[in-house]
Amino acid sequence: MSDPIVVCGAGIVGLSAALGLSRAGLDTVLVAPKQPLPSKAPGVYCPRVYALSPASQRFLAEQGVWDMLDQQRITPVESMQIYGDASGQVSLNAWQAAHQELAWIIESDELERVLRQAVQLFRVTWLDDRFDNFAQRGVSLASGKSISAPLVIGAEGGQSVVRQAAGIAHHSKPYGYAGVVTHLRVDRPHQGTAFQWFASDGIIAFLPMPDTSDAHQVSLVWSMPQDQADTLMALDAAARAEWLALRLKVLAGHDLGTISVRSAVYAFPLFCEYSDMVAPGVVLVGDAAHRVHPLAGQGLNLGLGDVQELLHVLVSKESYRSPGDMRVLSRYRRARAEPVLAMRTVTDGLHRLFAVQAPPVVMVRNLGMQLVDRLPWVKRRLIQGASR
Ligand SMILES: Cc1cc2nc3c(=O)[nH]c(=O)nc-3n(C[C@H](O)[C@H](O)[C@H](O)COP(=O)(O)OP(=O)(O)OC[C@H]3O[C@@H](n4cnc5c(N)ncnc54)[C@H](O)[C@@H]3O)c2cc1C
């Protein structure tokens with residue numbers, strides 16, 4: 001029997017990689033700490049939610065995972081309302097590109113829960129351990145154990161130890177911004193609309209969530225300057241909730257009425273990061289390989305795109321080549337270069353464009369948004385691009 005492929009990291013990207021490999025008949029071992037997931041309770045929602053693109057949804061459906069998800073906790077996004085920091089405004093509707101949905105909002109825990117069930121169903125060996133270093137023809141783990149492997153997949157997120165141990169070139173730029181997330185109670189139904197404001201104090205998104213027993217609900221992702229986030233997080237919970245409710249009412253009261261905070265508030269530092277995605281016998285996927293600004297809600301989608309491409313490359317390789325052969329891995333590197341660069345350029349570019357407060361720039365960017373809003377073919381292209 002040949003040595004297994006080792007996947008390090010059991011976030012959504014690592015679990016998807018292990019599941020996909022095992023479904024494709026490739027012997028796989030998952031190495032990651034088995035942290036328990038909070039048990040599911042009615043009316044309690046995981047603070048971390050993702051906007052999944054149609055391409056990610058199709059991939060999860062192909063892996064048999066989509067139908068295992070609790071459909072009551074998935075919210076389809078049918079339209080997007082984007083506001084600039086002056087008169088700019090863009091409305092995107094799924095029907096403009098003959099789609100039914102632009103995206104789906106889903107909780108991180110829910111996705112992890114079904115992926116864990118699926119890897120168990122496919123009998124993937126999961127070692128409750130951590131990658132420590134490379135050993136002769138394989139990896140050594142924190143427990144002292146070692147495993148021979150022709151290919152090691154680094155899926156352990158932004159702090160990837162696999163990436164560091166393999167000496168893979170990596171570029172990291174902290175934005176000096178934090179992503180502040182929480183769930184909000186709103187007066188009026190969101191009607192499947194995601195809202196985004198490019199405001200003077202950051203980029204603020206409301207993602208539609210399931211109604212609770214007593215109110216309508218949206219999830220907040222606010223990319224705000226780090227010092228402002230530090231001040232906010234230093235307040236006690238009641239003062240923080242009051243401050244958020246007041247500020248958000250000014251912004252969104254017109255669309256959603258009164259707003260209040262309904263869960264704990266978290267803040268994540270934001271980075272723009274990218275690396276060479278391969279080395280002999282090593283490949284990176286997900287945040288281990290790249291991190292983008294969350295303004296387009298595409299980080300996880302990019303990671304799932306990596307997994308899809310890696311599976312394709314490994315399944316279609318010549319039978320005489322090892323999965324860790326650089327000729328095989330270079331195909332993955334080539335295929336992912338363009339989509340990763342494009343996403344980084346768009347998200348980083350928009351972040352920079354809206355960070356400038358000079359009046360001529362404010363005027364031009366808002367006029368640009370008005371122009372886009374009047375061009376159906378540009379909107380169609382935007383929707384089709386985001387779907388991929
Ligand atoms: C505020 C915010 C909002 C976002 N919103 C969206 C969105 O709407 N849509 C979207 O697509 N993306 C979004 N993203 C991006 C998304 O969160 C990430 O891209 C995604 O979670 C990355 O998943 P991952 O599995 O690669 O890494 P992680 O989720 O970081 O998982 C890494 C795993 O590796 C394990 N690990 C760590 N060290 C080791 C080791 N030594 N050995 C073994 N295992 C190890 C960890 O325990 C963890 O389970 C957002 C990001 C932020 C900050």
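The values are calculated or read from the model by the stated rules, or taken from the named source; none is laboratory data. Since we're looking at a predicted model, the values are computed, not measured. Cβ coordinates were reconstructed from backbone atoms using ideal geometry, including for glycine residues, and neighbour counts include every protein chain displayed. SASA here: full protein model, heavy atoms, side chains in, ligands and nucleic acids out. Shrake-Rupley method; radii C 1.70, N 1.55, O 1.52, S 1.80 Å.
Tabulated data for the structure shown
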read-out	value
Residue, farthest from the ligand (Cβ to nearest atom), within the range 24-40, restricted to residues that are open to solvent by 40 Å² or more (accessible area, probe 1.4 Å) and touching a helix residue (DSSP H, G or I) at 6+ places or on another chain (Cβ under 6 Å)	ALA24
The range 181-205 residues that are touching a residue at least 60 places away in the same chain (Cβ under 8 Å) and part of a loop (DSSP other than H, G, I, E, B), paired with ones that are buried (at least 19 other Cβ atoms within 10 Å of the Cβ) and polar (S, T, N, Q) (beta carbon under 6 Å, 6 or more apart)	none
Hey, TYR320 in contact with a helix residue (DSSP H, G or I) (Cβ under 9 Å, 6 or more places away or on another chain), open to solvent by 10 Å² or more (accessible area, probe 1.4 Å) and not hydrophobic (A, V, I, L, M, F, W, C) or not	no
Total residues in the range 102-150, condition touching a residue at least 12 places away in the same chain (Cβ under 8 Å), in a helix (DSSP H, G or I) and not basic (Lys, Arg)	10
Among (1) open to solvent by less than 20 Å² (accessible area, probe 1.4 Å); (2) closer than 19 Å to GLN298 by Cα; (3) at pLDDT 95 or above; (4) of a type outside the set (A, V, I, L, M) - the single one TYR177 does not satisfy	(1)
Residue that is within 12 Å of the ligand (Cβ to nearest atom), of a type outside the set (Phe, Trp, Tyr) and either open to solvent by 20 Å² or more (accessible area, probe 1.4 Å) or part of a helix (DSSP H, G or I) (or both), where the choices are GLY64, GLY14, GLY43	GLY14
Condition met for ASP132 (within 15 Å of the ligand (Cβ to nearest atom) and surrounded by fewer than 17 Cβ atoms within 10 Å (Cβ to Cβ))	no
Odd one out for ARG185 among (1) basic (Lys, Arg); (2) at positive phi; (3) modelled with pLDDT of 95 or more	(2)
Options ALA205, ALA165, ALA199, ALA229; residue that is open to solvent by 10 Å² or more (accessible area, probe 1.4 Å) and out of contact with any Leu (no Cβ under 9 Å at 6 or more places or on another chain)	ALA165
Test set (1) open to solvent by 50 Å² or more (accessible area, probe 1.4 Å); (2) within 14 Å of the ligand (Cβ to nearest atom); (3) in contact with a helix residue (DSSP H, G or I) (Cβ under 6 Å, 6 or more places away or on another chain) - GLY154 fails condition number	(1)
Meets criteria (buried (at least 18 other Cβ atoms within 10 Å of the Cβ), in contact (Cβ under 8 Å) with a residue 60 or more places away in the chain, part of a strand (DSSP E or B) and within 16 Å of the ligand (Cβ to nearest atom)) for LEU270	yes
Test result for LEU350, under 22 Å from ILE168 (Cβ atoms), in contact (Cβ under 8 Å) with a residue 24 or more places away in the chain and either open to solvent by 30 Å² or more (accessible area, probe 1.4 Å) or out of contact with any Cys (no Cβ under 6 Å at 6 or more places or on another chain) (or both)	no
Among the residues listed as VAL307, VAL313, VAL340, VAL361, the single one being without any contact (Cβ under 8 Å) to a residue 40 or more places away in the chain and either buried (at least 20 other Cβ atoms within 10 Å of the Cβ) or within 19 Å of SER56 (Cα to Cα) (or both)	VAL313
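Matching residues to (1) in contact (Cβ under 8 Å) with a residue 12 or more places away in the chain; (2) surrounded by 21 or more Cβ atoms within 10 Å (Cβ to Cβ); (3) farther than 23 Å from GLY179 by Cα:
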{"site": "VAL282", "(1), (2), (3)": "yes, yes, yes"}
{"site": "HIS290", "(1), (2), (3)": "yes, yes, no"}
{"site": "ASN301", "(1), (2), (3)": "yes, yes, no"}
{"site": "ARG344", "(1), (2), (3)": "yes, no, no"}
